[in-house]
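Since the structure comes first, as structure tokens, the remarks are kept for the end.
The values are calculated or read from the model by the stated rules, or taken from the named source; none is laboratory data. From a predicted model like this one, the values you see are computed outputs, not experimental measurements. Backbone-built Cβ (ideal geometry, glycine too); neighbour counts: all protein chains shown. Protein only, heavy atoms only, side chains kept; ligands, DNA and RNA dropped before computing areas. Shrake-Rupley method; radii C 1.70, N 1.55, O 1.52, S 1.80 Å.
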Amino acid sequence: MCVVEVEGSANLTAACHTPAVHQLVVRTETPKVVDTRKTLIRLLMASGNHNCDVCRPAEYPAVGPPAEEFLRVTARTFAGVGECRLQELAIRYSVLEQRFKTPPPRYPLEDVNPFIVRDFARCIMCGRCVQACNDVQVNYAICFDYPAEARKIVTAGDKPLRDSDCVFCGECVQACPTGALVEKDVRYKVRPWEVQKVRTTCTYCGVGCQLYLHTKENQVVKVTGVEDAAPNYGSLCVKGRFGFDFINSSDRLRTPLIKEAEDSGKRRGMRRWRSSRDGSAISRRSRAGQHRVLTSARITNEDNYIAQKFTRAVLQTNNIDHCARSDTAPPWPVWPQPSAAGR
């Protein structure tokens, strides 16, 4: 797609392989270049499952202004997760019809790992995922293999990703332009116009990777790296990209809990947790040391600081713990309570 017309050259050349020289004249949008790019788009669309006609509604015919409206409405929708650079180019160059026959899929879809779906029918062999894995992340988990028409991007020994050297950083997913690699949790579930992107900082470690939270109806559905910001420049680890399920988990503690004894029935005398939505879990009459607080490694240092300040200054106790402590330590250390002077 990067073919250009170079003055003095009889044939079109690929811009990515043409070195710049003194007084080089390059034309990027001549009729010859545009026609060639249209042909290349049709060939790429015919190389696999890239045709939007499979989901074209009856009110949008295959040609004419309604077809152009259909492409605008369905832009970046058919790649499973809603992002496809190939279709964006088809829209840009008004490639509305398919002139070449699409061969049947050569390799089955792979979805046996918990994070990434590999749809080989959508792969155009551009090599972006290989470059992202080998040159950016330096994991060397995938490469090109097999000759000619059987060419395929494979792991060592052509094993599934879960049995390979892949660390599931997701760099290949973010680089893929067609939806051949997509996040398993969001495939066919969200579209770009349905989500809002919120920039934030990853809280899993101290590197401070910049990322976007893609939210739909106040729920985080996807995470991507911020490509133009330090320190990660779009790269994320498996935790940063896929470890966000806890945000929407129904098991999260949302209200204070009071542990009290059952007063009737077969469970009489047994202790249970009761939710306290009215704030009765915290009382001015509570004695020092009666409360205990557990904070999270997934919140910021500032939030953890406020939590310990609240625990010591308001609850009058030093019984605050953190889930990132060593597992060998006792779960609830009972520290000496602050004195009246210390308060």
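Here are a few things to note about the model shown:
- Every listed requirement among (1) touching a residue at least 40 places away in the same chain (Cβ under 8 Å); (2) within 19 Å of the chain's Cα centre (by Cα) is met by residue 199 save one, (1).
- Scanning segment 123-136 for residues that are open to solvent by 50 Å² or more (accessible area, probe 1.4 Å) and among the polar types (S, T, N, Q) gives a single hit, 131.
- Screening the candidates 70, 78 for the property of being within 29 Å of residue 224 (Cβ to Cβ), in a helix (DSSP H, G or I), out of contact with any strand residue (DSSP E or B) (no Cβ under 6 Å at 6 or more places or on another chain) and at pLDDT below 80 yields one hit, 70.
- The numbered conditions (1) surrounded by fewer than 14 Cβ atoms within 10 Å (Cβ to Cβ); (2) closer than 21 Å to residue 190 by Cα; (3) at pLDDT 50 or above are all true for residue 87 except (1).
- All strands (runs of 3 or more DSSP E) inside segment 144-262 with 1 or more residues being modelled with pLDDT of 90 or more and either open to solvent by 50 Å² or more (accessible area, probe 1.4 Å) or of a type in the set (Ser, Thr, Tyr) (or both): 152-155, 196-201, 210-216, 219-225
- Restricted to segment 137-161, and to residues there that are of a type in the set (Gly, Ala, Ser) and free of Cβ contacts under 8 Å to residues at least 12 places away in the same chain, the residue that is farthest from residue 46 (Cα to Cα) is 157.
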